[in-house]
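Read through the structure below, which is laid out as structure tokens, and then see the notes.
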Amino acid sequence: MAQAEEALRRQLGKYKFRDLTIEELKNVSKTYPNFTFSMNTYTFKDGSQKDLLNFSGTVPVKYGNSYNIPVCLWILDSHPFAPPICFLKPTANMGIAVGKHVDARGRIYLPYLQNWSHPKSTLIGLIKEMIAKFEEELPLYSLSSSDAARQSELLSYIAKITEGETDMKSRNKTGGRNEGCFNKITVVGAGELGIACVLAIAAKGVADKVVLLDLSEGAAKGGAMDLEIFAVPNVEISKDFSASADSKVVVLTVNSLGNAQTYLDVIQSNVDLFRGIIPAVSHYSQNAVLLVASHPVEVMTFVSWKLSSFPKSRVIGVGANLDSERLQYILTNLLKADVLAKDAWVVGEQGEDKVPSWTSCNVANQTEAMAACNSREQVANRAMEVLKGKGQRSWSVGLSVADLADSIVKDKRKVHSVSTLAKGCCNINSEVFLSLPCILGTSGVIEVVRLEEDPLVQEKLQSSAGSIHDLQQQLKL
């Protein structure tokens, strides 16, 4: 024991708080004697490398049966004042069950790590929370031999994304299968919104095949089970990310159902969920357009853009498309102002801060233009009052998603108000996504349509951009 401790002390020569670290490792070894340590090289996201202590072993988990879950903890040289970096260590016949606390690479995310604070936080406490969370949601499952090969390929690819080493030639080769001759759309999430999107897309005949990626545990439940029972044509239900391969559009409808207490906690839970989803769907559909319907849509579209490394044109949110279509309908059919309806849009962020705007005055001369612009605000206010009484049910959003997917897959070059990167618009200098009228095609956003200059609209958009950016700065990506 004394020799082992002395060997560890030598290996930890560059650790700032070596004695504290050794004491803690000794405590872990007493409780979990299967853990072993070695010095290995860890590669960070920016490509930099450092020799760190790799503390590996298994944690006992009861999930019906008893399981030993293999994990490894990378102990930073600033330990115990900084939390370790934690990963699952699946064997070749194990698959990673992506969930709230585990991403597709096997990295482990826990509240205990996020709230790490010495001396309250310890490795023993971390392992105990790890066991508790894994007993709620088992992080690994058994693979067949073919699935094991696929899992190995996916982990290898995602590791390259993280280290910034992705080979674009390889990406194009992987993503090019059947391209241009088969339209597939994948909907991620089998909740009410996911089911609504699948049915609306199928009813509209947008795609040759619609895949519902059901990430819930166990057998299909609720609407997903009903889809299986009644065998909706051209609809496939799967729990395997590879079923989404070569999709033209991937629709994100998932939202975390955790026990978060604050609004920021709720959003962070969604971010943690997306961390395990976006790299996987991006790997299997590298030329897809990501269409985000999860809440809050502006923030989750930003998160999807960052996690996917896709160009900004191919990551959009459903934004105010539904509200814009409703506004145009109200103007045309209820207020009989069809001249105004063609150029009327709801822009900004979803919720109370959305605002009507226009792309032109659509009249022949300046006198008429001034008159139209003066009366337009009054008509728009009446229309927005009617719009306020319209809720956004799952089936309504599903129809809106199908409308957007139709424009993208069929390259319609139609204008929609969707969440797009707003930096550079209306003097917005931060990386935020807001709803703006955009021309959509197979490559996503082809062009952002210029809005009429209106100081009130610009002020509203800048205010929304500021609050969204402040919120994004508090998230842990």
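General remarks:
- Any hit, segment 395-403, residues being at pLDDT 85 or above and at positive phi: no
- Every residue from segment 299-340 that is in a helix (DSSP H, G or I), open to solvent by 10 Å² or more (accessible area, probe 1.4 Å) and charged (D, E, K, R): K306, K312, R314, E325, R326, D338
- In segment 13-38, the residue that is nearest to S121 (Cα to Cα) out of those that are free of Cβ contacts under 8 Å to residues at least 12 places away in the same chain and not in a helix (DSSP H, G or I) is P33.
- Within segment 438-447, the set of residues being open to solvent by 10 Å² or more (accessible area, probe 1.4 Å) and either free of Cβ contacts under 8 Å to residues at least 40 places away in the same chain or assigned to a strand (DSSP E or B) (or both) comprises I439, V445, I446, E447.
- Of note, N27 satisfies the criterion of being at pLDDT 85 or above and either of a type in the set (S, T, N, Q) or crowded, with 17+ Cβ neighbours inside 10 Å (or both).
- Of the residues making up segment 42-61, those that are open to solvent by 50 Å² or more (accessible area, probe 1.4 Å), modelled with pLDDT under 90 and not in a loop (DSSP other than H, G, I, E, B) are Q49, K50, D51.
- Considering the conditions (1) of a type in the set (K, R); (2) closer than 27 Å to D240 by Cα; (3) surrounded by 16 or more Cβ atoms within 10 Å (Cβ to Cβ), R18 is excluded by exactly one of them, (2).
- For E385, the conditions (1) at pLDDT 95 or above; (2) loosely packed, with under 15 Cβ neighbours inside 10 Å; (3) not polar (S, T, N, Q) all hold with the exception of (1).
- Of the candidates S435, S430, S419, S464, the single residue that is among the hydroxyl-bearing types (S, T, Y) and either surrounded by fewer than 18 Cβ atoms within 10 Å (Cβ to Cβ) or assigned to a loop (DSSP other than H, G, I, E, B) (or both) is S430.
- Per the listing H295, H283, the residue uniquely under 16 Å from R105 (Cα atoms) and either open to solvent by 20 Å² or more (accessible area, probe 1.4 Å) or in contact with a Leu (Cβ under 7 Å, 6 or more places away or on another chain) (or both) is H283.
Every residue, every condition in (1) among the acidic types (D, E); (2) over 24 Å from R107 (Cα atoms); (3) modelled with pLDDT of 90 or more, yes or no:
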| position | (1), (2), (3) |
| --- | --- |
| M130 | no, no, yes |
| S144 | no, no, no |
| E153 | yes, no, no |
| G175 | no, yes, no |
| K184 | no, yes, yes |
| L212 | no, yes, yes |
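- Selection from segment 98-121 of residues that are open to solvent by 30 Å² or more (accessible area, probe 1.4 Å), touching a residue at least 60 places away in the same chain (Cβ under 8 Å) and within 18 Å of P60 (Cβ to Cβ): none
- From the list C86, C72, the lone residue that is within 28 Å of the chain's Cα centre (by Cα), open to solvent by less than 20 Å² (accessible area, probe 1.4 Å) and without any contact (Cβ under 8 Å) to a residue 40 or more places away in the chain is C72.
The values are calculated or read from the model by the stated rules, or taken from the named source; none is laboratory data. Please read these numbers as outputs of a predicted model, since none were measured by experiment. Note that each Cβ is placed from the backbone with ideal geometry, even for glycine, and that neighbours are counted across all protein chains shown. SASA here: full protein model, heavy atoms, side chains in, ligands and nucleic acids out. Shrake-Rupley method; radii C 1.70, N 1.55, O 1.52, S 1.80 Å.
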